[in-house]
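What follows is one structure encoded as structure tokens, with my remarks underneath.
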Amino acid sequence: MLSFHLNNSCGSFHMAFYKPIIRQCILAIVTALGFSGLFASGYGVMGAGSAQAQAASGVTLRGNYGDWSLRCEPYSASSSLSSSSVNVPPPKESCALLQTFADEKRTDLTLTVMILRHLDTGKFILRVLAPLNVNLIRRLGLKIDKVDLGRADFTRCDRMGCLADVPFDEMLFTQFKSGQMGIFTYYMAGRDMLPNGEGVGFPLNLNGFDAGMLAIPEVR
């Protein structure tokens, strides 16, 4: 996992014309984005399939906190890495605080931001999902209230999209807690590149973040 590297300009970017995802539709949209295995590799697993299948598998909405939603599912050792701790029972469930965005004009411009706990350490991870056609070299940028926090590498890509995993350390936690608005930026690649090579910016409303973080259960 990598941290945001400071002093890297985000360059010019196009602010996505999005509307916050309607809460009643989040589960269906999460499914459409292909969240199967998104919480894998020791971070828990969000179920796959249709919205009905996800509901049947136990994915539940635990609460809304501003624009954030807290979603949980029963822990499944068969679909994620088991706890490496000896003689420690696996957690009962995996939960994530998330926001999902989609550009109104280009449906291929999407972003999902999640905060979740590592199943072994209990430490928080910031996980961001971008489309497959993202420019990996230009990486993922983040500003909070106009403060440039730098850029983070995408750690892996699969059929769901490309993921950036960043340790959610004290510095990031403080920025999110005290901030009002964040902007995540990425760049498209190849034929999907925006005019003049602009990046895409997604505004993250930080209202409700503190209450949402307090609602994420401990790994147990």
So which of Leu136, Leu119 ends up being in contact with a strand residue (DSSP E or B) (Cβ under 8 Å, 6 or more places away or on another chain), under 25 Å from Tyr65 (Cα atoms) and not charged (D, E, K, R)? Leu119
Hits in region 99-118 (condition: surrounded by 23 or more Cβ atoms within 10 Å (Cβ to Cβ) and assigned to a loop (DSSP other than H, G, I, E, B)): Leu109
Here the qualifying pairs (Cβ atoms under 8 Å; residues six or more apart or on different chains; first in region 153-165 and of a type in the set (Lys, Arg); second surrounded by fewer than 18 Cβ atoms within 10 Å (Cβ to Cβ) and not in a strand (DSSP E or B)) come out as Arg159/Gly34; Arg159/Leu132
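Going through Val200, Val219, Val147, Val134 one at a time, which residue ends up being of a type in the set (Val, Ile, Thr), crowded, with 20+ Cβ neighbours inside 10 Å and modelled with pLDDT of 90 or more?
Values: Val200 fails: modelled with pLDDT of 90 or more; Val219 fails: modelled with pLDDT of 90 or more; Val147 fails: crowded, with 20+ Cβ neighbours inside 10 Å.
Exactly one of Val200, Val219, Val147, Val134 is of a type in the set (Val, Ile, Thr), crowded, with 20+ Cβ neighbours inside 10 Å and modelled with pLDDT of 90 or more, namely Val134.
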Verdict on Leu172 being within 17 Å of the chain's Cα centre (by Cα), in a helix (DSSP H, G or I), surrounded by fewer than 21 Cβ atoms within 10 Å (Cβ to Cβ) and not small (Gly, Ala, Ser): yes
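Would region 185-197 turn up any residue that is of a type in the set (A, V, I, L, M, F, W, C) and within 19 Å of Asp67 (Cα to Cα)? Walk me through it before giving the result.
Narrowing region 185-197 to residues of a type in the set (A, V, I, L, M, F, W, C): 188-189, 193-194.
Still in the running and within 19 Å of Asp67 (Cα to Cα): none.
No, that holds for no residue.
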Within region 183-220, residues under 29 Å from Leu136 (Cα atoms), touching a helix residue (DSSP H, G or I) at 6+ places or on another chain (Cβ under 7 Å) and assigned to a helix (DSSP H, G or I) come out as Phe209
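This table checks each residue for (1) part of a loop (DSSP other than H, G, I, E, B); (2) more than 18 Å from Val200 (Cβ to Cβ).
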position: Ile125; (1), (2): no, yes
position: Ile137; (1), (2): yes, no
position: Leu149; (1), (2): no, no
position: Cys157; (1), (2): no, no
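The values are calculated or read from the model by the stated rules, or taken from the named source; none is laboratory data. Fair warning: this is a prediction, and the values are worked out from it, not measured in the lab. Note that each Cβ is placed from the backbone with ideal geometry, even for glycine, and that neighbours are counted across all protein chains shown.
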